[in-house]
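Take a look at the structure below.
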Amino acid sequence: MTTYSKESLTATVWQPIDLGAIHLEHRLAMAPMTRARSTPKGVPTDMNATYYAQRASMAVIISEGTQPSEDGQGYPLTPGIFNTAQIEGWRRVTDAVHQAGGKIVIQLMHTGRIGHPLNTRHGRQPVAPSRVKPAGKMFTSVGTFEMPEPRPLSAHEITDTVRDHRRAAWAAMEAGADGVEVHAANGYLIHQFLSSNANQRTDHYGGSVDNRIRVALEVASGVAEEIGGERTGLIISPGNPLNDMVEVDVDDLYLSLIRELNPLGLAYLNVVHGGDEELVRALRRDWTSALLLNRNGTDIQTRVNDIESGLADVVTVGTQALANPDLVARIKLGAPLTDADRSTFYGGNEHGYIDYPTLDTI
């Protein structure tokens with residue numbers, strides 16, 4: 001177990017804040033984490049509902065990546081939010097979280113070229129901005145394979161993909177979510193359009209910075225029009241090489257993106273800190289609504305310092321929240337934190353998912 005001193009925290013982290021229309025009682029949010037425990041048809045289960053409800057004391061839960069369409073699925077056993085059964089499954093999750101006093105935002109994640117036909121029900125080739133095969137392998141139910149060369153989306157299909165995100169946002173609200181987060185980070189489809197290597201298009205979606213940010217803007221705008229900007233967030237990971245990403249013009253790219261996003265009146269921008277402190281400060285300076293920040297791999301105190309310094313309004317916590325369902329109570333009491341079991345992060349049953357101990361069971 002990891003020890004923690006409650007005296008080192010400032011009062012700011014416990015102050016309430018509004019992310020658009022989403023009221024938070026404090027400033028520690030749960031980061032989105034893929035857990036691969038839905039049904040093969042992408043329907044959230046009662047076990048998923050239990051998992052999220054256990055962590056309802058976080059200021060807001062940002063759900064695992066949830067595909068907005070069949071083509072959006074990259075990994076096995078991840079949830080969707082594009083049909084009636086999935087909406088009903090998510091309704092069980094949101095009801096459980098709300099009954100436990102929490103808030104939950106559903107993250108819309110189209111994985112693009114990061115996937116494999118064996119992980120989708122229709123068995124189709126992954127789609128992407130361009131025909132550029134990503135390095136790396138993908139696990140499936142029958143083994144691990146190299147990721148295949150993706151099929152480039154036509155301009156018409158990009159319009160359809162934007163519409164898919166918009167419909168999925170509507171479905172998330174039908175399922176009782178408090179909001180939606182658009183995934184434009186970590187090497188998935190929207191990030192692929194932003195990148196310098198995955199996007200080699202010569203039409204108005206490729207080439208210049210203004211062209212490469214176009215899909216992110218169209219998706220964010222469509223979602224905001226559908227459910228309201230005050231319930232829409234967007235996550236970015238500037239300079240993140242995950243999933244074979246290359247960005248050669250990071251500062252220009254992301255500062256241009258947020259300047260174009262500002263008029264949409266989004267509830268928040270969620271930034272995955274990639275180590276470029278100067279860029280994060282520039283994003284903070286130019287962004288006009290709430291900023292969430294995740295310094296991956298750091299302790300709670302380091303993250304809270306970002307709130308106290310004004311760099312972030314809210315900080316997101318991943319593995320500590322995964323391994324400590326009552327993380328907020330433990331921090332307030334200065335209680336030890338349970339360490340996460342990495343072997344159970346992806347797939348499996350209740351073990352390493354809903355059986356982490358709380359203080360009253362230790």
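Some values worked out for this structure:
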| read-out | value |
| --- | --- |
| Qualifying residue in segment 193-201 (condition: closer than 21 Å to G275 by Cβ, out of contact with any Lys or Arg (no Cβ under 9 Å at 6 or more places or on another chain), part of a loop (DSSP other than H, G, I, E, B) and not small (G, A, S)) | yes |
| Selection from segment 326-341 of residues that are β-branched (V, I, T) and over 22 Å from the mean Cα position of the chain (by Cα) | I331, T338 |
| Qualifying residues in segment 98-120 (those that are among the hydrophobic types (A, V, I, L, M, F, W, C) and surrounded by fewer than 24 Cβ atoms within 10 Å (Cβ to Cβ)) - the one nearest to the chain's Cα centre (by Cα) | A100 |
| Segments classed as strands (runs of 3 or more DSSP E), wholly inside segment 98-176, with at least 3 members that are out of contact with any His (no Cβ under 6 Å at 6 or more places or on another chain) and touching a residue at least 60 places away in the same chain (Cβ under 8 Å) | 104-108 |
| Residues that are among the hydroxyl-bearing types (S, T, Y) and under 21 Å from G102 (Cβ atoms), drawn from segment 286-336 | T316, T319 |
| Options G89, G101, G72: the member that is touching a Phe, Trp or Tyr at 6+ places or on another chain (Cβ under 9 Å) and either at pLDDT 95 or above or closer than 26 Å to G233 by Cβ (or both) | G72 |
| Residues being of a type in the set (S, T, N, Q), touching a strand residue (DSSP E or B) at 6+ places or on another chain (Cβ under 9 Å) and assigned to a loop (DSSP other than H, G, I, E, B) - total across segment 291-304 | 1 |
| Residues that are farther than 22 Å from Q73 by Cα and in contact (Cβ under 8 Å) with a residue 60 or more places away in the chain, drawn from segment 177-204 | D178, Q200, R201 |
| All positions within segment 66-97 that are among the aromatic types (F, W, Y) and in a loop (DSSP other than H, G, I, E, B) | Y75, F82 |
| Filter result (in a loop (DSSP other than H, G, I, E, B) and buried (at least 17 other Cβ atoms within 10 Å of the Cβ)) within segment 337-362 | T338, A340, Y346, G352, Y353, I354, Y356 |
| Strands (runs of 3 or more DSSP E) wholly inside segment 17-65 that include at least 2 residues being touching a Ser or Thr at 6+ places or on another chain (Cβ under 8 Å) and of a type in the set (A, V, I, L, M) | 28-30 |
| Answer residue from segment 87-97, given it is crowded, with 24+ Cβ neighbours inside 10 Å and of a type outside the set (G, A, S) and is farthest from K133 (Cα to Cα) among those | V97 |
| When residues of segment 305-336 are limited to those that are of a type in the set (S, T, Y) and not in a loop (DSSP other than H, G, I, E, B), the one farthest from Q15 (Cα to Cα) | T319 |
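The values are calculated or read from the model by the stated rules, or taken from the named source; none is laboratory data. These numbers come from a predicted model, not from an experiment. Ideal geometry is used to build each Cβ from the backbone, glycine not excepted, and the neighbour counts take in all protein chains shown.
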